[in-house]
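Visitor: What follows is a structure written as structure tokens; I'll ask about it next.
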Amino acid sequence: MLSLPEARERILTAIVPLSTQRLRLTAAAGRVLGEELRAPGDLPRFANSAMDGYAVRAADLAGLRPGQSVGLQCVGKVAAGAAPAAVVTPGTCIRLFTGSPLPAGADTVVMQEDTRREPGNPEVVWFHEAAEPGENVRQRGEDIRQGQVLLPPGVRLTVGRIALLGALGVESVAVGRQPRLALLATGSELREAGEPLGPGQIYESNRAGLATLARRAGARPTRLPLVPDEPEATQAALARAFHHRDVVVSSGGVSVGEMDWVKSAFTAVGGNLEFWRVAVRPGKPFVFGRWRDAYFFGLPGNPVSALVTFWLLVAPALARLQGVKDCALPTQTGVVAEALVNQGDRPHFLRVRLEGGQVRSAGLQASHALGALAQANGLVEVPPATTLPTGTVVPVLTWD
Ligand code: AMP
Ligand code: MG
């Protein structure tokens with residue numbers, strides 16, 4: 001049986017990222033960058049004013065002591081978006097606004113609030129304090145230098161990255177294609193919401209949660225019809241599922257019961273089984289295989305097991321398919337507020353609630369217990385036969 005890190009490594013090694021596509025910048029938020037981007041120009045593009053005020057030569061104000069003032073002749077005005085027509089020479093200043101280009105000759109901007117103009121003589125602006133050269137000036141290239149690497153391939157286009165690319169006039173970017181993912185639920189006991197339940201029947205609940213996780217991982221999920229526990233039906237459903245799909249995810253039917261047809265059906269339709277068990281709780285039965293260019297993940301049916309194994313093993317695979325380099329799952333640090341116990345012989349990913357930095361069990365830790373899952377916002381790995389006592393600092397895989 002593979003350990004979880006071995007299973008993840010096997011999966012990520014097998015994955016070949018999908019092709020890239022070009023998207024307009026505004027459509028690319030959240031997608032994975034498929035190219036290296038270098039700055040086409042400096043940011044700021046030109047030295048400009050950070051304030052409404054006056055462009056001056058700091059030397060003209062040097063040596064001003066409390067109570068002293070100096071008057072400079074105002075020789076022009078530059079609006080934001082305009083090119084300076086005049087030059088600041090000794091004894092003069094130019095009116096500026098936030099974003100106005102700094103006129104030649106000036107090295108400093110004094111904010112309007114620190115100056116005075118007399119109604120009788122509006123051409124002269126009075127200054128009362130010395131200024132540091134460069135004060136209130138946004139220098140050309142102080143943020144970004146032309147030619148520098150802005151973003152490497154394989155990173156997600158976050159809000160800040162989109163904004164930066166927008167400022168540089170980038171119109172479109174290459175991003176990894178989103179995996180098309182089919183979701184199958186197997187089990188003769190399963191019914192769709194809205195249908196009446198007969199004896200022994202339950203509502204199917206895995207596809208909704210898995211579709212949510214799949215979307216969050218950047219994939220485009222489709223839910224396929226329910227599959228009864230019959231070998232022919234399972235084979236037919238799998239064969240159909242792989243049609244035009246990059247990934248097929250099934251739940252149920254991968255244990256050792258005589259009604260568990262998924263593994264044999266997958267090989268019967270030509271799939272290559274890579275492995276089928278992982279030493280993890282919840283979720284020991286877990287199938288990974290390949291079918292031509294596509295990938296197959298057979299998850300256990302128990303709802304908590306299905307969702308947890310998807311998060312631990314399928315979500316990183318979906319990230320890699322889109323070209324993500326670092327597929328580590330997001331974590332936050334928390335402090336155990338009530339001992340977390342694992343008496344079993346496999347690592348147990350306990351469903352926890354992380355609140356104000358404190359970590360507590362989210363309730364019943366059983367693989368069918370969705371009540372506790374609904375309370376949880378993270379998972380904490382507790383090694384086999386281990387108790388994490390109160391006060392232990394742990395990484396929490398953040399779930400919500
Ligand atoms: P299996 O892995 O097929 O042996 O299923 C394990 C348990 O999970 C059984 O109690 C099933 O009824 C339940 N189960 C399997 N698939 C689903 C599903 N899609 N929705 C809700 N419960 C399920
Ligand atoms: Mg079943």
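The values are calculated or read from the model by the stated rules, or taken from the named source; none is laboratory data. Bear in mind the structure is a predicted one, so any value in this text is a computation, not a measurement. Cβ: placed from backbone, ideal geometry, glycine included. Neighbour counts: every protein chain shown. Accessible surface is based on the protein model in full, side chains and every heavy atom, while ligands, DNA and RNA are left aside. Shrake-Rupley method; radii C 1.70, N 1.55, O 1.52, S 1.80 Å.
Visitor: In the range 116-132, which residues are surrounded by 12 or more Cβ atoms within 10 Å (Cβ to Cβ), part of a loop (DSSP other than H, G, I, E, B) and either of a type outside the set (D, E, K, R) or within 31 Å of the chain's Cα centre (by Cα) (or both)?
Guide: Hits for the range 116-132 are HIS128, ALA130, ALA131.
Visitor: Now for a different question. Hey, can you tell me all the residues within the range 209-233 that are out of contact with any Asp or Glu (no Cβ under 7 Å at 6 or more places or on another chain), over 30 Å from GLY154 (Cβ atoms) and within 15 Å of ligand 1 (Cβ to nearest atom)?
Guide: Passing the criteria: LEU224, PRO225, VAL227, PRO228, ASP229, GLU230, PRO231, ALA233.
Conditions tested, residue by residue: (1) in contact (Cβ under 8 Å) with a residue 60 or more places away in the chain; (2) charged (D, E, K, R).
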position	(1), (2)
SER3	yes, no
ALA27	no, no
ARG31	yes, yes
PRO44	yes, no
ALA62	yes, no
PRO66	no, no
GLY99	no, no
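Visitor: Assess whether THR89 counts as being under 23 Å from ALA167 (Cα atoms) and outside any strand (DSSP E or B).
Guide: no
Visitor: In the range 234-252, how many are free of Cβ contacts under 8 Å to residues at least 40 places away in the same chain and either surrounded by 21 or more Cβ atoms within 10 Å (Cβ to Cβ) or within 14 Å of ligand 1 (Cβ to nearest atom) (or both)?
Guide: Going through the range 234-252 one residue at a time, the tally reaches 0.
Visitor: Just to verify a result, which residue in the range 175-198, among those that are among the hydrophobic types (A, V, I, L, M, F, W, C) and surrounded by 19 or more Cβ atoms within 10 Å (Cβ to Cβ), is nearest to ALA236 (Cα to Cα)?
Guide: Among residues in the range 175-198 that are among the hydrophobic types (A, V, I, L, M, F, W, C) and surrounded by 19 or more Cβ atoms within 10 Å (Cβ to Cβ), the one nearest to ALA236 (Cα to Cα) is LEU184.
Visitor: So, in the range 279-312, how many residues would count as being more than 19 Å from ALA366 (Cβ to Cβ), away from ligand 2 (no atom under 16 Å from the Cβ), more than 26 Å from the chain's Cα centre (by Cα) and of a type in the set (A, V, I, L, M, F, W, C)?
Guide: Counting residues in the range 279-312 that are more than 19 Å from ALA366 (Cβ to Cβ), away from ligand 2 (no atom under 16 Å from the Cβ), more than 26 Å from the chain's Cα centre (by Cα) and of a type in the set (A, V, I, L, M, F, W, C) gives 1.
Visitor: Do you know which of the residues in the range 38-90 that are farther than 30 Å from VAL173 by Cα and of a type in the set (S, T, N, Q) is least open to solvent (accessible area, probe 1.4 Å)?
Guide: SER49
Visitor: Considering only the range 199-230, state which residues are open to solvent by 70 Å² or more (accessible area, probe 1.4 Å) and among the acidic types (Asp, Glu).
Guide: GLU230
Matching residues to (1) within 16 Å of ligand 1 (Cβ to nearest atom); (2) open to solvent by 20 Å² or more (accessible area, probe 1.4 Å); (3) closer than 19 Å to LEU213 by Cα; (4) basic (Lys, Arg):
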| site | (1), (2), (3), (4) |
| --- | --- |
| PRO347 | no, yes, no, no |
| ARG351 | no, no, yes, yes |
| GLY356 | no, yes, no, no |
| HIS368 | yes, yes, yes, no |
| GLN375 | no, yes, yes, no |
| GLY378 | no, no, yes, no |
| VAL393 | no, yes, no, no |
| VAL396 | no, no, yes, no |
| TRP399 | no, yes, yes, no |
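Visitor: Got at least one residue in the range 145-152 being within 16 Å of ligand 1 (Cβ to nearest atom), at negative phi, open to solvent by less than 20 Å² (accessible area, probe 1.4 Å) and at pLDDT 95 or above?
Guide: Taking the range 145-152 and keeping what is within 16 Å of ligand 1 (Cβ to nearest atom), we get none.
No: zero hits.
Visitor: Within the range 249-266, identify whether any single residue is more than 16 Å from ligand 2 (Cβ to nearest atom) and either within 30 Å of PRO40 (Cβ to Cβ) or touching a Leu at 6+ places or on another chain (Cβ under 9 Å) (or both), and answer yes or no.
Guide: No, that holds for no residue.
Visitor: Another one. Name the one entry in ALA104, ALA29, ALA85 that is modelled with pLDDT under 95 and small (Gly, Ala, Ser).
Guide: ALA85
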